[in-house]
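This report refers to the structure that appears directly beneath it.
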Amino acid sequence: MSASQTPPATAVPGDDVPTLLVKIFGKDRPGITAGLFDTLAAYSVDVVDIEQVVTRGRIVLCALVTTPTGSASNGATEGDLRATVHSWADSLHLQAEIISGTGDNRPRGIGRSHVTVLGHPLTAESTSAIAAAITATGGNIDRIFRLAKYPVTAVEFAVSGTPTDTLRTALATEAAVLGVDIAVSASGLQRRAQRLVVMDVDSTLIQDEVIELFAAHAGCEQEVAEVTARAMRGELDFEQSLHARVELLAGLDASVVEQVRKEVRLTPGARTLVRTLKRLGYQVGVVSGGFTQVTDALQDELGLDFASANTLEIVDGKLTGKVTGDIVDRAGKARLLRSFAQQAGVPLAQTVAIGDGANDLDMLNTAGLGVAFNAKPVVREAAHTAVNVPFLDTVLYLLGITREEVEAADTMAD
Ligand SMILES: [Mg+2]
């Protein structure tokens, strides 16, 4: 660089440089931002920072600018600027406040996290308790904004000054007490780069347990439920209970498969979740301790990139009561997550797993973010985060995707 090519002056002032915080509040209408900066332009000030929010038609516009030095061609001073801004604000029935100080914003503390809160509804009491819990960890709330108003109220707190793990532990306790869902994730590019989502099927992607739908057709619901209960009590492992339950389906006509496919009910928000993730370039898969006879149909219907499950053996048009091939169990689900991630070219740290059952736990803990979805307490406690509202699309908010972005993507695709 030659001496004549001096770098452009930076707008970031040193700590001792005088700055003015200009705050405008009032009824929002088009042209306020342009009007304020047009007013400030006459004083040749530099813009250091701008924040603007509009809540129920009211605007709060904050501008941090350098203080006029009186060296502008018109010799204008800080006093002149104050008078002009107030007169402009008065003419629009806005309130203006101008606060003198020095330097830029206080730097944000080390250790930055996003705290996503899902309330159904979100009460003032919960909000107070969450904010107090954040403060008690030594964290500072830098920003708060709403991610969604539907189907739950979702807000995100940007917090700095405390390690993400400390915050997660403190807020997990608070969430359980308050009955709201709180997810804490580390800030940074990693969060924007989660690129593979793998879901359990029964009671996660769909509302049903597929084996129970088959059992209803075979008239052995009671027997299947007894085996399930024994597995829950730890008397049988997943593979034993799978074989015991499938055995009860022996002799069932293969036409039942088609009926069961029709009976499967997607979880509310499932289509929105998958559609939005796909539009954002994510890859999406399912792993199930259930059956390919159902997951293959779901893969086609939803356009999933990956699907793996157990396969019911069918011979001469009848279920044999056996499954073929490798069994997808608790360890198998985690193995499949790794395999999908490898095929997708996505590091494990950038994967998200969602599930409700004990056999999802290894998968949830293998993923970069494990989400327990309306899960049993044992699963909820072991997962990174829990969602306890019955809407699968709320997982989008945990990834920092707003309802507005979801709806905008839908509109563009129409
Ligand atoms: Mg499940």
**OP:** With the condition kept exactly as written, say whether any residue in segment 307-322 is touching a residue at least 24 places away in the same chain (Cβ under 8 Å), assigned to a loop (DSSP other than H, G, I, E, B), under 25 Å from V246 (Cβ atoms) and more than 16 Å from the ligand (Cβ to nearest atom).
**Re:** yes
**OP:** Could you please give the count of residues in segment 160-215 that are surrounded by fewer than 19 Cβ atoms within 10 Å (Cβ to Cβ), within 16 Å of the ligand (Cβ to nearest atom) and farther than 21 Å from A353 by Cβ?
**Re:** 1
Original post:
Here are S288, S241: which of them is at pLDDT below 95, closer than 28 Å to A367 by Cβ and either surrounded by 16 or more Cβ atoms within 10 Å (Cβ to Cβ) or not aromatic (F, W, Y) (or both)?
Top reply: S241
Original post:
If you scan segment 46-100, which residues turn out to be touching a Pro at 6+ places or on another chain (Cβ under 8 Å) and of a type in the set (G, A, S)?
Top reply: A76, S100
Original post:
Is it true that some residue in segment 91-101 is at pLDDT below 95 and under 30 Å from R146 (Cβ atoms)?
Top reply: yes
Original post:
Between residues in segment 83-100 that are among the β-branched types (V, I, T) and residues that are at pLDDT 95 or above, which pairs lie under 6 Å by C-beta distance while being six or more apart or on different chains?
Top reply: T84/T39; V85/T39; V85/A96; I98/L20; I98/V22; I98/R82; I99/L21
Original post:
Does V257 meet the test of being away from the ligand (no atom under 16 Å from the Cβ), within 29 Å of T366 (Cβ to Cβ) and assigned to a helix (DSSP H, G or I)?
Top reply: no
Original post:
Of all residues in segment 9-54, how many are closer than 16 Å to T84 by Cβ and free of Cβ contacts under 8 Å to residues at least 60 places away in the same chain?
Top reply: 12
**OP:** Search segment 277-298 for residues that are touching a residue at least 40 places away in the same chain (Cβ under 8 Å) and pair each with any residue that is basic (K, R) and within 16 Å of the ligand (Cβ to nearest atom) when their beta-carbon atoms are under 9 Å apart and the residues are at least 6 apart or on different chains.
**Re:** V287/K333; S288/K333; G289/R330; G289/K333
Original post:
Filter segment 84-94 for residues that are assigned to a loop (DSSP other than H, G, I, E, B) and hydrophobic (A, V, I, L, M, F, W, C); which is surrounded by the most Cβ atoms within 10 Å (Cβ to Cβ)?
Top reply: L94
**OP:** Give the residues of segment 234-254 that are in a helix (DSSP H, G or I) and in contact with a strand residue (DSSP E or B) (Cβ under 7 Å, 6 or more places away or on another chain), sorted by residue number.
**Re:** F238, L242, V246, E247
Original post:
Residues in segment 377-400 that are in contact with a helix residue (DSSP H, G or I) (Cβ under 7 Å, 6 or more places away or on another chain) and in a loop (DSSP other than H, G, I, E, B): how many?
Top reply: 4
Subject >> Matching residues, segment 343-383, being at positive phi and away from the ligand (no atom under 11 Å from the Cβ) >> reply: G345
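The values are calculated or read from the model by the stated rules, or taken from the named source; none is laboratory data. What you are looking at is a predicted structure, and each value in this text was computed from that prediction instead of being measured. Reconstructed Cβ throughout: ideal geometry from the backbone, glycine too, with neighbour counts over all protein chains shown.
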